[in-house]
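Enquirer: Before I ask anything, here is the structure I am working with.
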Amino acid sequence: KTFEMLRAAVGGLRFLGRRTTAWDVQSARLGGRVKVDQVQRRMATSEVEEGLKGLNQSNPKKGLPVKGLALLSLTGLGLFYFYNKRLQQRQGELKKTVGVADIGGPFTLVDHYGIPTPDSRYRGKFMLVYFGFTFCPDVCPTELAKMAEVLDSLEKQGIGAEVVQPLMITVDPNRDNVSQLEEYCKDFHPRLLGLTGTPEQVFRCAKEFRIYVSKPPAVRPGEEHAQDYLVDHSIFIYLLDHEGKFVDFYGQDKPADYIIESASQHIRSALFPEPPSFWQRLFS
């Protein structure tokens, strides 16, 4: 129907154009004394008006037809779907290229209560892990105080002992025995657990976490605490997920506020993932 109305309107315009042109020619010939036939002009004008009237009645708001809007919407959805798929594919390619840092691994140490402790003991919990030693004069106390601040803040957010386990793994197993670690850790936070072991166990664990540890001097049995030396080591706080996998790390330059925000986001996104959006559900 719309097509027929358009054809009628166009026909009327052509008729008017022909009559007007003919009148102009004849008028020029007769020196302007001849006028156009008024009846024929009214007929042409009437056809045009009827055609335009039909168009207005078919779409009073003069907007796009419903079919056109539907086609435009479907085209937009199709473009969005294509873009979203390409974006997901690209993100997957980047993940395959970059991957996850190979940090951490299985270990078996002894906690500061003398209990043999494999890493699997903490499955189901996130872990904040720091490598240090109890005879450290300044850096280790500063970093452990920072970790304690992080733990207190997370606990206020509802991320407490059932979610996060803090660990301090010694890099000085010759002097940091069970009792030494227990006294040291409780000065920073009641939930902080110290881990020690044989030099072989400790240094193997440090290697798994990519921690540099300088070789301590030879210590004669029974004279461990009489020896005065420092241990040079990497300074990081690691965040591991509830499966023991590396999530993030925080160097000495990262303040407590930064670690709190980062760790909270990582933990919440793992434990309380956001539901998929409407578009994700639509194109999944």
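The values are calculated or read from the model by the stated rules, or taken from the named source; none is laboratory data. None of these values were measured; they are calculated from a predicted model. Glycine gets a Cβ as well: all are built from the backbone with ideal geometry, and neighbour counts include every protein chain shown. In case anyone asks, the SASA skips ligands and DNA or RNA and just uses the protein heavy atoms, side chains included. Shrake-Rupley method; radii C 1.70, N 1.55, O 1.52, S 1.80 Å.
Enquirer: Residue by residue through region 108-141, note down the ones that are of a type in the set (D, E, K, R) and surrounded by 20 or more Cβ atoms within 10 Å (Cβ to Cβ). Talk me through it step by step, then tell me what you get.
Expert: Step one: of region 108-141, the residues of a type in the set (D, E, K, R) are 111, 119, 121, 123, 125, 138.
Scanning region 108-141 gives a single hit, Asp119.
Enquirer: All but one of (1) assigned to a helix (DSSP H, G or I); (2) surrounded by fewer than 18 Cβ atoms within 10 Å (Cβ to Cβ); (3) among the hydrophobic types (A, V, I, L, M, F, W, C) hold for Ala161, so report the exception by its number.
Expert: So the condition that Ala161 fails would be (1).
Enquirer: If you don't mind, another one. Please indicate, with yes or no, whether at least one residue in region 213-225 is under 39 Å from the mean Cα position of the chain (by Cα) and touching a residue at least 12 places away in the same chain (Cβ under 8 Å).
Expert: We begin by selecting, within region 213-225, every residue under 39 Å from the mean Cα position of the chain (by Cα); these are 213-214.
Filter again for touching a residue at least 12 places away in the same chain (Cβ under 8 Å), leaving 213-214.
There is at least one residue in region 213-225 that is under 39 Å from the mean Cα position of the chain (by Cα) and touching a residue at least 12 places away in the same chain (Cβ under 8 Å).
Enquirer: How many residues does region 191-204 contain that are over 12 Å from Tyr130 (Cα atoms) and either open to solvent by 40 Å² or more (accessible area, probe 1.4 Å) or under 36 Å from the mean Cα position of the chain (by Cα) (or both)?
Expert: Result for region 191-204: 8.
Enquirer: Only one residue in Val150, Val171 is open to solvent by less than 10 Å² (accessible area, probe 1.4 Å), touching a residue at least 60 places away in the same chain (Cβ under 8 Å) and more than 25 Å from Pro216 (Cβ to Cβ), so which one is that? Explain how you work it out, then say what you get.
Expert: On the way: Val171 fails: more than 25 Å from Pro216 (Cβ to Cβ).
Matching residue, one of Val150, Val171: Val150.
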